[in-house]
1. Quick one: how many residues across the range A:1-17 are open to solvent by less than 30 Å² (accessible area, probe 1.4 Å) and either facing another protein chain (nearest Cβ under 9 Å) or part of a helix (DSSP H, G or I) (or both)?
2. Within the range A:48-60, track down each residue that is assigned to a helix (DSSP H, G or I) and surrounded by 15 or more Cβ atoms within 10 Å (Cβ to Cβ).
3. Does A:LEU160 fit the bill of being more than 25 Å from B:VAL53 (Cβ to Cβ), of a type in the set (A, V, I, L, M) and open to solvent by less than 40 Å² (accessible area, probe 1.4 Å)?
4. Please indicate, with yes or no, whether at least one residue in the range A:19-30 is within 12 Å of another protein chain (Cβ to nearest Cβ), open to solvent by 50 Å² or more (accessible area, probe 1.4 Å) and not aromatic (Phe, Trp, Tyr).
5. If we only count helices (runs of 4 or more DSSP H) wholly inside the range A:102-189, which ones have 3 or more residues that are out of contact with any Phe, Trp or Tyr (no Cβ under 6 Å at 6 or more places or on another chain)?
6. Kindly evaluate A:TYR110 against the criterion of being open to solvent by 60 Å² or more (accessible area, probe 1.4 Å) and under 22 Å from B:MET63 (Cβ atoms).
7. Give the range A:119-137 a look and list any residue that's under 13 Å from the mean Cα position of the chain (by Cα) and either modelled with pLDDT under 95 or loosely packed, with under 15 Cβ neighbours inside 10 Å (or both), or say none.
Amino acid sequence: MDIPYTVEIRRDTGLTNGKIGIWLFLASEVMLFGALFASYILIRSGAPTWPRGDTILNVPLATFNTLVLISSSVTMVMAWSSLMRGRFGTFRIYMGTTILLGCVFLVVKYFEYSHKFHDDLFPSTNNFLAIYFTLTGLHMLHVFGGMVVNAYFWGPGAKLWKTNPRWFTNRVEHAGLFWHFVDLVWIFLFPTLYLL
Amino acid sequence: MTSEHAVDIDKHVRIYVTVFVALMALTIVTVAISRLHLPVPVAVTVALLVATVKGALVACYFMHLISEKKLIYAVLVLTAVFFIALLALPAVTHSNGYWIHQ
């Protein structure tokens, strides 16, 4: 049986099932990160002292990573708009660039983490590092998950373009919504952890 | 694809590029403001304000929330209510008045 409403719009919701599905998933993600942000506020406001993020963390590297992730959001939305114009070759270039930028983000994060471990700074060292590793670690998992999905659509999943281009375009749009959400989370993580 | 549709997409692409430049600039602004070493309540307010503007740009234009269907808005309003309640929990459970860095 075919999955219903992948391309055509449901009359009662005005949306495809995939679109409403990804937004409900993102709503649950907001609550997941929201719970961790609330924990961070509680721990920080209850602490007698709290270090400024830039005394422990590497702000230039994190700024670079912020620019990388914002760039990847743009290439992602350009990948989708390429499909909307029917240009599959351009889609491949933009999607490939998005995946590469995701790799750059993770590599920079690897260097940041390994530098911390080298300095004997672990999640168990203090509350600041515990919340830093938890929030950025969870975020990194999301970046990795998004990259896996994007790589699928760049590679084997792209076969769908030949048989059902509208469905494929919708799928890429939904993957993009997740990727932009990951960017959005980082936009808040960066100042709260590194700069304040 | 109609030519009208193509023109529409071209317009969107121009908006994406503009938003991209704005996000880059706001990132630099965020870092520059942090170098001013403002008092913590002011620094927190300004940093979160800039982050909210950046987040809104991503949500409105890259995630197309500026022209989305009512059901999506309804889901997001409900999410926002619970999200705010979640963030307000520390405030109601920790009420002896002191804030960070003190």
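1. Filtering the range A:1-17 down to residues open to solvent by less than 30 Å² (accessible area, probe 1.4 Å) leaves A:6-7, A:14-16.
With the extra rule that they be either facing another protein chain (nearest Cβ under 9 Å) or part of a helix (DSSP H, G or I) (or both), the set shrinks to A:14-15.
Summing the residues that are open to solvent by less than 30 Å² (accessible area, probe 1.4 Å) and either facing another protein chain (nearest Cβ under 9 Å) or part of a helix (DSSP H, G or I) (or both) in the range A:1-17 gives 2.
2. Residues of the range A:48-60 that are assigned to a helix (DSSP H, G or I), as a first pass: A:53-55, A:59-60.
Residues satisfying the conditions are A:GLY53, A:ASP54, A:VAL59.
3. Answer is yes for this residue.
4. First, pick out the residues of the range A:19-30 that are within 12 Å of another protein chain (Cβ to nearest Cβ): A:19-30.
Subset that is open to solvent by 50 Å² or more (accessible area, probe 1.4 Å): A:24-25, A:28.
Next, only the ones that are not aromatic (Phe, Trp, Tyr) stay: A:24, A:28.
Taking every residue of the range A:19-30 in turn, at least one turns out to be within 12 Å of another protein chain (Cβ to nearest Cβ), open to solvent by 50 Å² or more (accessible area, probe 1.4 Å) and not aromatic (Phe, Trp, Tyr).
5. On the way: elements: A:127-154, A:160-163, A:165-189.
Correct list: A:127-154, A:165-189.
6. Numbers: open to solvent by 60 Å² or more (accessible area, probe 1.4 Å): yes; under 22 Å from B:MET63 (Cβ atoms): no.
Here the answer is no, as A:TYR110 does not meet what is asked.
7. So the first thing to find is which residues in the range A:119-137 are under 13 Å from the mean Cα position of the chain (by Cα), and the list is A:135-137.
Correct list: A:GLY137 only.
Each row is one residue, and each column tells you yes or no for (1) in contact (Cβ under 8 Å) with a residue 24 or more places away in the chain; (2) in contact with a helix residue (DSSP H, G or I) (Cβ under 6 Å, 6 or more places away or on another chain).
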| residue | (1), (2) |
| --- | --- |
| B:LEU26 | yes, yes |
| B:VAL31 | no, yes |
| B:SER34 | no, yes |
| B:LEU38 | no, no |
| B:ALA43 | no, no |
| B:ALA47 | no, yes |
| B:TYR61 | yes, yes |
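The values are calculated or read from the model by the stated rules, or taken from the named source; none is laboratory data. Please read these numbers as outputs of a predicted model, since none were measured by experiment. Cβ sites come from the backbone with ideal geometry, for glycine too, and all protein chains shown count toward neighbours. Heads up: the accessible areas ignore ligands, DNA and RNA and are worked out on the full protein's heavy atoms, side chains in. Shrake-Rupley method; radii C 1.70, N 1.55, O 1.52, S 1.80 Å.
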